[in-house]
């Protein structure tokens, strides 16, 4: 069984990983883990993720009560996900630059274009775009509700992205995958446009995704 100290160090390591990949800057973003006793360990408000240590962590009850520390103002997103998704053990919110840029440049989109890349379909199925809500508010948490528990990886209009998983690796991989896909799609647009695959191939890929299960890969 993983010790609490190992869990907290895992959060710090994940934060450093996301910072190194330019998915987090300064004090942006937040990570949380639902502990075995039901508490939620969450990164604190205003602390640079590259310098995070286990002693910095804050703790919440699932009803939103602050147990200790100064939890991230984005805690409502985390609590909404834990409340709606029994399988969620970890939640990671970051600011992947290219992915966010899609929501700024193409506000009419309801999801990232998924019919051109087999990797997107097989790894995530689809990536919905959650309508804008003011960051750090309860409204931001409520804006996720229509997409849960079906979607594990969500792009937040003009704000960032959030991924929940059954472990930290799944949640972090989802955000890395999102930014990589966003960069490929951007390059395709710059080179002439996004070309969808044939309908028959899309059917095969979507069936394969169902067989693979809901985890982000």
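Distance between the pseudo-spin-label points of residue 217 and residue 56 (7 Å out from Cα toward the beta carbon): 3.4 nm.
Need one number: the % of Cα-Cα pairs in the chain sitting beyond the 28 Å mark. Let's see the in-between values first.
On the way: 6009 of 23436 pairs.
Value for the chain: 26 percent of Cα pairs lie more than 28 Å apart.
Only Cα pairs under 8 Å and 6+ residues apart enter the sum, and on that basis the relative contact order of the chain stands at 21 percent. Exposure proxy shown here: for 166, 9, the number of other Cβ atoms within 10 Å sets the order, fewest to most, as 9, 166. Of the three principal axes defined by the Cα atoms of the range 1-112, the extents in descending order read 42, 31, 26 Å.
I need 102, 164 ordered by Cβ neighbour count within 10 Å, fewest first.
On the way: 102 22, 164 30.
Final ranking by Cβ density, sparse to dense: 102, 164.
Structure remark: mean-square fluctuation, Gaussian network model of the chain, C-alpha springs under 10 Å; the largest value among 94, 139, 105 belongs to 105.
Going from the fewest other Cβ atoms within 10 Å to the most, the residues 103, 43, 2 appear in the order 2, 103, 43. Extending 7 Å from the Cα toward the beta-carbon at both residue 183 and residue 13 defines two label points whose distance is 2.3 nm. Placing a label point 7 Å from the Cα of residue 106 along the Cα-to-Cβ line, the residues of the range 195-217 whose backbone N sits under 11 Å from it are 195-196.
Which value at 222 nm does the chain reach when only helices count, each DSSP H run of 4 or more adding -39,500 (n - 2.57), with the total divided by all residues and rounded to the nearest 500 deg cm²/dmol? Could you put the intermediate results ahead of the total?
Details: 7 runs with 88 residues, N = 217.
Value at 222 nm, helices only: -12500 deg cm²/dmol.
Each of residue 191 and residue 87 was given a label point 7 Å from its Cα along the Cα-to-Cβ line. The distance between the two points is 3.4 nm.
A short reminder: the numbers here are calculations on the coordinates, not readings from a lab. Computed from a predicted structure; not experimentally measured. A quick note on method: Cβ atoms are made from the backbone with ideal geometry, for glycine too, and the neighbour counts reach across all protein chains shown.
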